[in-house]
1. Work out from phi, with θ = phi - 60° and the Karplus expression 6.51 cos²θ - 1.76 cosθ + 1.60, the ³J(HN,Hα) of each residue of the range 120-131, listed in order in whole Hz, and give x for Gly and Pro.
2. List the lysines whose Cα lies under 21 Å from the Cα of K317, skipping any in the same chain that are fewer than 8 positions away.
3. What whole-number distance in Å separates the alpha-carbon centres of the range 351-395 and the range 21-100?
4. In whole Hz and in residue order, list the ³J(HN,Hα) couplings for the range 23-31 that follow from phi through the Karplus curve 6.51 cos²θ - 1.76 cosθ + 1.60, θ = phi - 60°; x for Gly and Pro.
5. Let me check I've understood the local charge: for T353, count other residues with C-beta under 12 angstrom from its C-beta, Lys and Arg +1, Asp and Glu -1. What total comes out?
6. Count neighbours as other Cβ atoms within 10 Å of each site's Cβ, and list the GluC sites (Glu not before Pro) in the range 112-173 that are DSSP loop with at most 16 such neighbours.
7. Tell me, in nm to one decimal, what length is gained between H19 and I76 on full extension, where the rule is 0.36 nm per residue of separation less the Cα-Cα distance?
8. Tell me, how many Å apart are the Cα centres for the range 231-249 and for the range 297-314?
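No value in this document is a laboratory result; all are computed from the given coordinates. Just so it is clear, the model here is predicted, and its values are computed rather than measured. Positions of Cβ are backbone-derived with ideal geometry, glycine not excepted, and every protein chain shown enters the neighbour counts.
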Amino acid sequence: MTLPGPGIPEPPAQFFSAHPSRADSFTESVIREMTRLALKHNAINLAQGFPDFPCPPELKAAACEAINADINQYAITWGAKDLREALAARVQKFNGMSFDPEDEITVTCGSTEAMMASMLALISPGDEVVVPEPFYENYGPDAQISGATPHFVPLKDDFSLDEEKWKDAFSEKTRAVILNSPNNPTGKVFSKQELSFIADLCIEHNAVAITDEIYEHIVYDGHRHVSLGSLPGMEDRTITIGSFSKTYSVTGWRVGYTLADTALTSRIRKIHDFLTVGAPAPLQRACVAALQLPESYYKELAGEYDRKRRTLFAGLKKAGFWCELPQGAYYIFTDISSFGMTDTAFARHLIETVGVAAVPGSSFYHKGGETKLRFTFSKKDGTLTEACTRLERLG
Ligand code: GLN
């Protein structure tokens with residue numbers, strides 16, 4: 001059949017049913033749909049997790065400088081050398097892991113591409129991946145696109161691991177586990193002990209851990225971020241994913257990375273090359289400047305988010321939501337049972353009549369989640385207080 005092009009009409013609807021695609025097996029992102037709805041109704045967007053405040057001035061200056069210095073053509077496909085070198089030093093210092101910038105670090109278009117490239121590099125159709133539930137929305141479609149069969153393991157009510165369920169989830173078909181700590185949407189920060197339990201299962205079943213650590217610098221109340229890949233026996237079987245998006249408030253730059261041993265990295269790089277060629281060159285240069293910020297930057301970042309967390313928490317409580325303070329990341333995952341509406345209906349009601357957008361809980365579950373709603377507090381203080389005032393109208 002001829003595909004549409006100039007002067008060629010769109011194929012009839014039957015075309016789509018006669019030609020199924022992997023894109024039919026998942027829906028559009030609910031998180032980003034909520035952003036569109038928020039814009040349409042002029043609601044405050046506490047749905048999609050991105051800051052409405054500026055990134056550090058050092059990053060803006062470095063990006064402008066890079067463009068003016070004509071760093072405007074492709075970087076090396078797996079990432080500019082200076083950025084990979086700066087990342088290797090940072091990861092050694094903060095995460096306690098050693099990676100050779102030459103063949104163990106790959107710069108990607110955000111952690112979203114890092115996850116997709118990792119799964120495409122790793123999975124053969126039919127392989128199983130173990131995914132704790134609730135999970136970040138993208139992991140469902142990532143599994144569908146890569147041909148993996150996801151095996152969802154529910155977290156306990158306090159978001160800790162149900163060890164028996166985890167043991168049952170692993171089999172000879174298990175190729176990988178997808179972990180996200182600090183966690184989106186729950187805020188859970190997995191302890192070293194919990195990570196050791198997962199590491200033991202990976203080692204016993206010869207599985208790889210793909211660990212999304214994008215919120216590694218956003219932790220509260222003395223919780224400590226531990227990289228799964230830093231645990232003994234995990235060095236060669238972990239793909240650690242990081243990003244500049246959340247740590248430096250530049251979600252639109254699309255610069256992330258994978259850290260993995262040479263064998264895994266060479267596969268990831270091949271997929272990455274044909275998916276995207278590379279992340280934006282001038283922004284990679286600016287990310288080197290980000291890595292030069294003083295240690296105090298990270299402390300202040302966590303301190304600021306701690307304050308914002310408490311503001312939104314108090315507002316949500318006052319408005320009648322059941323919730324707890326998260327241990328890390330920048331979301332509050334609430335229970336809405338007392339409002340007597342399901343998540344999607346309630347999310348629409350909030351946007352259209354209260355003027356605040358949040359994400360329906362069901363987008364973080366393969367089944368269920370209708371009693372949950374996720375709010376982000378990655379916003380200016382003024383945005384958060386106005387959102388809290390609006391939420392009071394619910395009462
Ligand atoms: N990680 C962010 C969230 O959960 C943004 C998601 C996205 O749109 N890429 O809201």
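1. 5, 6, 9, 8, 9, x, x, 4, 9, 10, 8, 10
2. K188, K308, K372, K379, K380
3. The distance from the Cα centre of the range 351-395 to that of the range 21-100 comes to 23 Å.
4. With the stated coefficients, the range 23-31 comes to 5, 6, 8, 9, 9, 4, 5, 5, 4 Hz.
5. Computed value for this residue: +2.
6. Listed in order of number, the matching sites are E172.
7. On the way: separation 57, 0.36 × 57 = 20.52 nm, distance 3.72 nm.
Between H19 and I76, full extension yields 16.8 nm more.
8. If we compute the Cα centre of each part, the gap is 23 Å.
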